[in-house]
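Note sheet for the following structure.
The values are calculated or read from the model by the stated rules, or taken from the named source; none is laboratory data. Here the structure is a predicted model, which means the values were calculated and not measured. Cβ atoms come from the backbone with ideal geometry, glycine included; neighbour counts cover every protein chain shown.
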Amino acid sequence: MILTEGTRLRIRLAAFLSFLVLAIIFWGLFQIDLPLARFLRSLHIPWLEQIGDLGTRLGSGAALVAVSGGLLVGGWLRKQVTVQVAGFKSLLAHGLAAIAVQTLKHGIGRPRPRLLHADNGLPWRPSLESGMDSFPSGHTTASFAVAAVLAKSFPKIAWLVYGLAGCVAVSRAVRGSHFPTDVIAGICLGTIVGIGVAYPMREWKRSLLQTTAHFLPYLILLFSLLWLATHLPSPSMAGPMMVGGIVVIAGGVAMRVFRGICQSTGKNAIVMAALGQADALIMIGVALTTELWLVATVAGGLSAIRWLLRPDGVTYVSISEERSRYRTVIAEMSVVVGLVFVVFIIQHFKGLLPIV
């Protein structure tokens, strides 16, 4: 596929923005790492602990090696090359992830949450001591490295393998074994290693960017919920951001309605790329209603990344069958009701965990 110079420039900008958004997320999580870890360790809910233990077992080295080894042997016995290669590459990704994790763990030497008894915790320093190996999460890194390979080999179950890897990641924080930033770092490192093994070198950069763009909404949602629950908006910014958010949401809904009217004509309609950004506008508007500038910033960054990665040119939408105006109105009214509910939840979620 030959890319124009303009498309290459947009891809580079999207890659830079993706890195910038991830950096902002890490910076924000570092601000709440210590109090959030202490809060999670203070919870003693049996069913939550059981889920955490299950996630830990799923992401253990033995479980991951068993999966990869089973695929390798099963593919060889049944003469299924794709399965055999998936088993070999997932084993390779697991091994490379382990080397990278152990190098970083002991080179950085971040103390685990259980060692943070003092108010300011212990200093980070290179160490081979037990407990001084929190960053990044090894279970999370290995799980996402293997998941990236399996998702490439078996696209139909990509949602399942990434979902299981996500459960492993959440369990490591819930059980108090790692800080949130340890887990996010594990997701990023594991994905990079897995994609590096699964894809040819000529496709590595593009595949990494596509996977990052796919994961960013989930990371941003998680970060936004944590930031929203642990922070209250500044009184000076609250009013203007709320009004701005409602105005932006209204604009996005209006664009959706116009798009629906075009479709209801039953004729071929030319929908400009700007109309495809209606949902992005709504997302930014919802982020503004949190009245937290950091949440609005990462949401705006995600919208810009998606816009930069849009297909070239104008999108021609061919309407094969007429869609009634009545159905259009009902569909958009349901969207409005859903948005009202989301904004209502956001207002009651602010400062839910006063730990900072």
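Per-structure values
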{"quantity": "Criterion violated by Thr56 - all others in (1) surrounded by 15 or more Cβ atoms within 10 Å (Cβ to Cβ); (2) of a type in the set (S, T, N, Q); (3) under 24 Å from Gly196 (Cβ atoms) satisfied", "calculated": "(3)"}
{"quantity": "Single match in Ala145, Ala173 (criterion: hydrophobic (A, V, I, L, M, F, W, C), touching a His at 6+ places or on another chain (Cβ under 8 Å) and in contact (Cβ under 8 Å) with a residue 24 or more places away in the chain)", "calculated": "Ala145"}
{"quantity": "Selection status of Trp27, modelled with pLDDT of 85 or more and either in the same structural domain as Asp182 (by TED's automatic domain parsing) or within 22 Å of the chain's Cα centre (by Cα) (or both)", "calculated": "yes"}
{"quantity": "Check on Ala147, in contact with a Phe, Trp or Tyr (Cβ under 6 Å, 6 or more places away or on another chain) and either under 25 Å from Val83 (Cα atoms) or of a type outside the set (A, V, I, L, M, F, W, C) (or both)", "calculated": "yes"}
{"quantity": "Cross-chain or 6+ apart pairs with Cβ under 7 Å, the stretch 83-104 first and of a type in the set (S, T, N, Q), then buried (at least 17 other Cβ atoms within 10 Å of the Cβ)", "calculated": "Gln84/Leu72; Gln84/Gly75; Ser90/Ser68; Ser90/Leu71; Ser90/Val146; Ser90/Val149; Ser90/Leu150"}
{"quantity": "Among (1) surrounded by fewer than 22 Cβ atoms within 10 Å (Cβ to Cβ); (2) at pLDDT below 90; (3) not charged (D, E, K, R) - the single one His178 does not satisfy", "calculated": "(1)"}
{"quantity": "Residue that is surrounded by fewer than 17 Cβ atoms within 10 Å (Cβ to Cβ), in a helix (DSSP H, G or I) and either of a type in the set (Val, Ile, Thr) or touching a Pro at 6+ places or on another chain (Cβ under 8 Å) (or both), where the choices are Ile246, Ile220", "calculated": "Ile246"}
{"quantity": "Evaluation of Val193 against (1) part of a helix (DSSP H, G or I); (2) over 23 Å from Ile32 (Cβ atoms); (3) modelled with pLDDT under 90 (one fails), failing number", "calculated": "(3)"}
{"quantity": "Enumeration of residues in the stretch 2-22 that are under 16 Å from Thr211 (Cα atoms) and of a type in the set (Gly, Ala, Ser)", "calculated": "Ala14, Ala15, Ser18"}
{"quantity": "Residue in the stretch 188-196 that is within 13 Å of the chain's Cα centre (by Cα) and within 24 Å of Leu308 (Cβ to Cβ) present", "calculated": "yes"}
{"quantity": "Residues located in the stretch 97-113, provided they are touching a helix residue (DSSP H, G or I) at 6+ places or on another chain (Cβ under 8 Å) and surrounded by 18 or more Cβ atoms within 10 Å (Cβ to Cβ)", "calculated": "Ala97, Ala100, Val101, Leu104, Lys105, Arg110, Pro113"}
